[in-house]
Every structure is written in C-alpha cells, then in structure tokens.
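What follows is a set of notes on a single structure, which appears directly below.
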Amino acid sequence: MEQSNQSSKKIDYTSEEIQNYIALFVGEKFNSYYKKVWENKYDKEWFLSFNIPAFFLNGLWFLYRKMYIEGIIFNVVSGFFGGIIYMSFYSYFSDIFAINVLYLFCLCSCVITGFLGNYLYLRNVKINISKLIKEKDGKNITEYLEKRKCTNLKIVIILVVTGILVYIALYFSIIYLILYFMFKR
C-alpha cells in the first residue's frame, strides 16, 4: 500500500530503493560514473556536465543508451543541417571551405551532445523509472529491471557496419562511373 501511495506523489530519486532501481536501469556504469555525476541533480530543471562517450559517439550514444527518440531526432537533424551547410557553402565557396565548415558543424554537434548527454540520460531514466513505478504499482520492478538490458550495442554495430557498407558502395559506384565515362567511346 505504501508503494501505491509513493507512485501518486513525487518520487524521491535519492532514496535507497529508487537508487537501486536506477542502478539496475543504467547498469554497471551507474556506480562508477553516473551516481557521481547525477548527485544533487535529481531535482534540477536542467544542468550541464560533460560526457566523453556522448561527445565521441554523438547520436549513436543515444541509441546505445536506448534513447531512441533522441537518437533518431539528433541524427536526422544533424544530417539534414550538415547537408544544408555543406551544400550552401559548396555553392558559394570552394569545396575545401565547405568541408571545413562541415567539420566545424560536426565538432559543435559533438560538443552539444557531450554537454547535454548526462542531462538527457537522467531525464530519460527519471521518466522510465516513474512509468515503471506507476505501471507495476511498486511490484516486481526489481525483477523486471534485472531482466531488462541497459544498453543496446547491436543497433550501434548494425548502424556503423551499414554506414561503412554504404560508404564503400558509393565510393566504388563513383569510381565505376568515372571510369565508365572516361573510357566510353
């Protein structure tokens, strides 16, 4: 009965029970990294802290941490604006300048992801834990979280391999077209 009352009022994310749920939700990185980073930040509206894997993996980090909506939005927006930036600068300036501007855009998106990664992940954890408490009514949450996987490495590997294969296919198709039109007589 106490659990039922807990789901209707504000959740104390610093309580031992909820910290155990969060540890199970996040996985092994909770005690070694996230517990320190998120300490005293559960009640804050938003915060900035730097996450190195989010910086280097960018949108793939969101997908790895099972934040699919954020990952898809970030990848689509980054790809769209990256394409627009490249094409805009390529039209008016040289190819090298356009590529350098694109690199600068990529660096900026990495910095943004790096600084917002911990905040967005904590937000995701809080949303999912509160949903679980309401749905499960405080029962069997631990068993559910123990069975659930914390991360999704498969999707990252599939996307990276697919990206490499697409790149190789485009590269060789461009070479084929160049050779075809050079030697066509």
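Tell me which lysines have Cα within less than 29 Å of LYS139's Cα, excluding those fewer than 8 residues away on the same chain?
Reachable lysines: LYS9, LYS10, LYS29, LYS35, LYS36, LYS41, LYS44, LYS66, LYS126, LYS131, LYS147, LYS149.
What ³J(HN,Hα) values, in whole Hz, does the Karplus curve 6.51 cos²θ - 1.76 cosθ + 1.60 give for segment 106-119 when θ = phi - 60°, with x put for Gly and Pro?
The phi angles translate into 5, 4, 5, 5, 5, 5, 4, 4, x, 7, 9, x, 5, 5 Hz.
Just how large is the dipole of segment 2-151 about the Cα centre, in debye to the nearest 20, putting +1 at every Lys and Arg Cβ and -1 at every Asp and Glu Cβ?
Numbers: 18 positive and 14 negative charges, 41 e Å.
The calculation lands at about 200 debye.
Out of the trypsin sites (Lys or Arg not before Pro) in segment 37-139, which ones are loop residues according to DSSP with at most 13 other C-beta atoms within 10 Å?
Values: sites: LYS41, LYS44, ARG65, LYS66, ARG123, LYS126, LYS131, LYS134, LYS136, LYS139; in loops: LYS41, LYS44, ARG65, LYS66, LYS139.
Within segment 37-139, the qualifying trypsin sites (Lys or Arg not before Pro) (loop, at most 13 other Cβ atoms within 10 Å) are LYS44, LYS139.
Go ahead and run the numbers for FRET between ALA169 and PHE115, Cβ-Cβ distance against an R0 of 41 Å, rounding to 0.05.
Efficiency for this residue pair is about 0.75.
Work out, in µm²/s and without decimals, the Stokes-Einstein translational diffusion coefficient of the chain at 10 °C, 1.306 mPa s, Rh from Kirkwood over C-alpha pairs.
Reported coefficient: 82 µm²/s.
Using alpha carbon centroids, what distance separates segment 52-86 and segment 122-185, in Å?
If we compute the Cα centre of each part, the gap is 10 Å.
Using R₀ = 22 Å, calculate the FRET efficiency as 1/(1 + (r/R₀)^6) where r is the Cβ-Cβ separation of PHE47 and ILE69; round to 0.05.
On the way: r = 21 Å, r/R0 = 0.94.
Once the sixth-power term is evaluated, E becomes 0.60.
Taking the Cα of VAL160, stepping 7 Å toward and past its beta carbon, and measuring to each backbone N in segment 59-90: which are under 15 Å?
59-65
Starting at the first residue of segment 40-53, write each ³J(HN,Hα) from the Karplus equation 6.51 cos²θ - 1.76 cosθ + 1.60 with θ = phi - 60°, in whole Hz, x for Gly and Pro.
Running phi through 6.51 cos²θ - 1.76 cosθ + 1.60 with θ = phi - 60° gives 6, 10, 5, 9, 6, 5, 7, 7, 10, 7, 9, 10, 5, x Hz.
Take the Cβ-Cβ distance between GLU16 and SER88 as r, set R0 to 41 Å, and report the resulting FRET efficiency rounded to the nearest 0.05.
My answer for the efficiency is 0.15.
For segment 55-72, what does the Karplus curve 6.51 cos²θ - 1.76 cosθ + 1.60, with θ = phi - 60°, yield as ³J(HN,Hα) per residue in whole Hz, taken in order and with x for Gly and Pro?
5, 7, 8, 6, x, 5, 5, 4, 5, 4, 8, 6, 9, 5, 5, 4, x, 5
Counting only other residues whose beta carbon sits under 14 Å from that of PHE50, what net charge do I get with K and R as +1, D and E as -1?
+2
FYI, it's all coordinate maths here, none of it is from the lab. On a predicted model such as this, the values are computed, not experimentally measured, just so you know. Counting neighbours? That spans all protein chains shown, and the Cβs are built from the backbone with ideal geometry, glycine included.
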